[in-house]
Amino acid sequence: MFTYLLINIFTLAGPLGLSFDKKVAFWRSWRALLPAVLITGTLFIVWDVWFTREGVWGFNPDYLTGLYLFHLPLGEWLFFLTVPYACIFIYACVKAYLPGEPLRKVAPWVFRGLLVILPVLAVLFSDQLYTLVTFAGLSLLIALNLFVFRTPYLGHFLLAYLIALVPFLVVNGVLTALPVVWYNDLENFGIRLGTIPVEDTMYNMWLLLMNVNIYEWILARQRQRQPAASVIA
């Protein structure tokens, strides 16, 4: 009955323990991380409540603590804390250990390609609610990053996403294989990576990119304030 809770603890344990590494020193950016996780988590929780009520997905009580809020189990609430923490930790490690941004030239083309493919799929599969919302929402965020924010760190983000995809698929594989979380295939492609709906890969990109956007924006604001504080001192 504590399976989902234990999965969350396992997801958080490694990144949290390594957050005090001297080179990355991830703990120093917690003040930027917390608002990013809370703001993004709020949006995804609202989405989660909606889809749970609509029967797009649901939760197996055999693997839950029995604690619910707005029809979501405790483990699902924790998911939006532990997974973003782990993924942004990976992103911070990529920035610290690979400052040359090896995918800098490739990333814009990858995201432009997604911006062509995802809206088309969203229209073609508009009857599948999970497919429609995930692909349309991610398309909008990618467009903002490419043409409005002109995000300079997409190379770092893409590499971090590809690395984070491995543990994300492991965790989701466990969640969907038992299953702790079940999906209604009438609301998605019906195509799975093992037991994982293929839409989950784009769901993860949306979740991580929004977190990183807010995280980086707050870090930039903090850096802008530092020189002024130094002059005053």
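Anything in the stretch 145-173 that is more than 14 Å from V110 (Cβ to Cβ) and either in a helix (DSSP H, G or I) or in contact with a Ser or Thr (Cβ under 9 Å, 6 or more places away or on another chain) (or both)? List them, or say none.
F147, V148, I163, A164, V166, P167, F168, L169, V170, V171, N172, G173
Among residues belonging to the stretch 177-194 that are without any contact (Cβ under 8 Å) to a residue 24 or more places away in the chain and assigned to a helix (DSSP H, G or I), point out the one that is surrounded by the most Cβ atoms within 10 Å (Cβ to Cβ).
This residue is D185.
I'd like to know if the stretch 70-92 contains one or more residues that are of a type in the set (S, T, N, Q) and outside any helix (DSSP H, G or I). Steps first, please.
Of all residues in the stretch 70-92, those of a type in the set (S, T, N, Q) come to 82.
Adding the requirement that they be outside any helix (DSSP H, G or I) leaves none.
No: zero hits.
What is the residue count in the stretch 160-174 for residues that are surrounded by fewer than 16 Cβ atoms within 10 Å (Cβ to Cβ) and in contact with a strand residue (DSSP E or B) (Cβ under 9 Å, 6 or more places away or on another chain)?
Residues flagged as surrounded by fewer than 16 Cβ atoms within 10 Å (Cβ to Cβ) and in contact with a strand residue (DSSP E or B) (Cβ under 9 Å, 6 or more places away or on another chain) within the stretch 160-174 amount to 1.
Has the stretch 76-85 got at least one residue that is surrounded by 13 or more Cβ atoms within 10 Å (Cβ to Cβ), over 26 Å from L219 (Cβ atoms) and out of contact with any His (no Cβ under 9 Å at 6 or more places or on another chain)? First the steps, then the outcome.
Taking the stretch 76-85 and keeping what is surrounded by 13 or more Cβ atoms within 10 Å (Cβ to Cβ), we get 76-85.
Subsequent filtering for residues that are over 26 Å from L219 (Cβ atoms) retains 76.
If we keep only those that are out of contact with any His (no Cβ under 9 Å at 6 or more places or on another chain) as well, we get 76.
There is at least one residue in the stretch 76-85 that is surrounded by 13 or more Cβ atoms within 10 Å (Cβ to Cβ), over 26 Å from L219 (Cβ atoms) and out of contact with any His (no Cβ under 9 Å at 6 or more places or on another chain).
I'm trying to understand the selection: among the residues of the stretch 48-58, which are crowded, with 17+ Cβ neighbours inside 10 Å and in a helix (DSSP H, G or I)?
Of everything in the stretch 48-58, those that are crowded, with 17+ Cβ neighbours inside 10 Å and in a helix (DSSP H, G or I) turn out to be D48, F51, T52.
Only one of F26, F89, F79, F2 is closer than 25 Å to L178 by Cβ, within 19 Å of the chain's Cα centre (by Cα) and not β-branched (V, I, T). Can you tell me which?
Only one candidate passes the filter, namely F79.
Does A136 meet the test of being touching a Gly at 6+ places or on another chain (Cβ under 8 Å), under 28 Å from A177 (Cα atoms) and in a helix (DSSP H, G or I)? Please lay out each step first, then the result.
Numbers: touching a Gly at 6+ places or on another chain (Cβ under 8 Å): no; under 28 Å from A177 (Cα atoms): yes; in a helix (DSSP H, G or I): yes.
No: the conditions fail for A136.
Search the stretch 1-41 for residues being in a helix (DSSP H, G or I) and of a type in the set (D, E, K, R), and hand back the single one that is nearest to Y91 (Cα to Cα). Don't jump to the end; show me each part of the working.
Applying the first criterion (in a helix (DSSP H, G or I)) to the stretch 1-41 yields 3-20, 26-41.
Remaining after also requiring of a type in the set (D, E, K, R): 28, 31.
Values: R28: 14, R31: 16 Å.
The residue in question is R28.
Coordinate-derived values only; no laboratory data. Predicted, not measured: the structure shown is a model, and the values here were computed from it. No Cβ is skipped: glycine too gets one built from the backbone with ideal geometry, and neighbour counts run over all protein chains shown.
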